[in-house]
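The structure appears right after this line, and notes come after that.
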Amino acid sequence: MKCLAIADLFIDKQMMKEGLASLEDLGIEIIVKEWKHENLEALQNDNITLESKGSEAIALPEELTEGLEDYDMIITQFAPIGKKVIDQCKNLKLLGVLRAGIENVNQEYAESKGIIVLNTPGRSITSVSEFTVGMILSEIRNIARGNHKLKNGEWEKYFPNGVLAPELKESTIGLIGYGAIGQRVAELLRPFGGKILFFDDYYQGDTHDTQVDTLEELVKQADILSMHYRLTEQTKNMINKEHFNVMKKNTVLINTARSGLINEQDLAEALQDRKIAGAAVDVFDIEPLPRDHPYNNLDSITITPHIAGSTVGNFANSPVILSKRIIEALE
């Protein structure tokens, strides 16, 4: 068997080659090529386009389509695999995507051709969950704000949430989504001693935490809310003006998942009007964040440039995890 593995600036050629070593051990020939971008920002922009518009929005460059008819397998992280590419692949049996989301692959069309499509679930569990806890602590304890003030010559101890910050031990934490990342966030937060509630339409099973029946019930009770749902047409803007109107005044909202889950304008207005105490956000509708974005004029929000998943472990482990899934499928 012959496999085309498409590297990029996050999973480079060496990382890809090393991560797919177990496939080579089975006699699969691995050819690694790169989907080239000038910088990470350009790659992220293409990725955002593919996530929002689908696999047909960007064409695969000609240097990557050469000889596609020879491959039995294609592995990609961000590079688009649309109908044209699939039609060119005469022997393709499997498509592997090195992340959980597969928006850059035309899954429906591939499967209609009898091609197996595998993703890499769980690769971001550690990176995103750890970052989420960091964002919670940074926001409620004013860590980023205090650093910014002090470096600008201000010895400031009064912040939008007051002089005395809340503690996790005395807080009610509401997780919106209780999949692998949501559950890991709960595990990391549990030792702090706070009460953990969660809302998830799809979760069934035993848990140390308390499941509530509706999103409305959760947002009314929580002091800290953290987003962990996947973005779909049904979950787009699932947190909006209606929810901000019933949240506690001391509520802090965290989003390290997908920007579209929260209506950005409604969040900005809620912070501006002091309907909630604060927010910490790593994902945005437009990236890079425009300079005139309303978040930049608010003192009650911590913002970071979409880096929750940017860890060595996240990207280096992805080919290893996917290789195991591929071997299982082949067996």
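The values are calculated or read from the model by the stated rules, or taken from the named source; none is laboratory data. All figures in this text were calculated on a predicted structure; none of them were measured in a lab. All Cβ positions, glycine included, derive from the backbone under ideal geometry; neighbour counts span all protein chains shown. Accessible surface is based on the protein model in full, side chains and every heavy atom, while ligands, DNA and RNA are left aside. Shrake-Rupley method; radii C 1.70, N 1.55, O 1.52, S 1.80 Å.
So the values come out like this:
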quantity: (i) 85, 57, 33; (ii) 65, 46, 32; (iii) 123, 74, 31, with the label sought being that of the calculated Cα extents along the principal axes in Å; calculated: (ii)
quantity: In Hz, Karplus ³J(HN,Hα) per residue of the stretch 34-39 (6.51, -1.76, 1.60; θ = phi - 60°; x = Gly, Pro); calculated: 10, 7, 8, 9, 5, 7
quantity: Set of lysines with alpha-carbon distance to LYS248 below 29 Å, sequence-local pairs under 8 removed; calculated: LYS149, LYS157, LYS169, LYS195, LYS220, LYS236, LYS275
quantity: Distance between the stretch 280-331 and the stretch 22-38 - C-alpha centres, whole angstrom; calculated: 24
quantity: Angle in degrees between helix 40-53 and the longest Cα principal axis of the chain, rounded to the nearest 10; calculated: 90
quantity: Neighbourhood charge, 9 Å Cβ-Cβ cut-off, centred on GLU56 and excluding it, Lys, Arg +1 and Asp, Glu -1; calculated: +3
quantity: Estimated FRET transfer efficiency when R0 is 30 angstrom, pair ARG141-LYS53 (beta carbons, to 0.05); calculated: 0.15
quantity: Accessible surface of the stretch 214-262, 1.4 Å probe, proportion on carbon and sulfur as whole %; calculated: 48
quantity: Under 14 Å from LYS53, Cα to Cα: aspartates and glutamates that are on another chain or at least 8 residues apart; calculated: GLU103, GLU233, ASP285
quantity: Protection proxy ranking, peptides 152-159, 20-27, 262-269, average beta carbon neighbours within 10 Å, highest first; calculated: 262-269, 20-27, 152-159
quantity: Most to least accessible of GLU216, GLU103, GLU331 (protein chains only, probe 1.4 Å); calculated: GLU331, GLU216, GLU103
quantity: Gaussian network model of the chain, Cα within-10 Å springs - most flexible of LEU150, LEU271, LEU68; calculated: LEU150
quantity: For PRO294, net neighbour charge (Lys/Arg +1, Asp/Glu -1) across residues whose Cβ lies under 9 Å away; calculated: -3
quantity: Residues in the stretch 1-35 that a label on GLU69 would reach, taking backbone N under 17 Å of a point 7 Å out along Cα→Cβ; calculated: 2
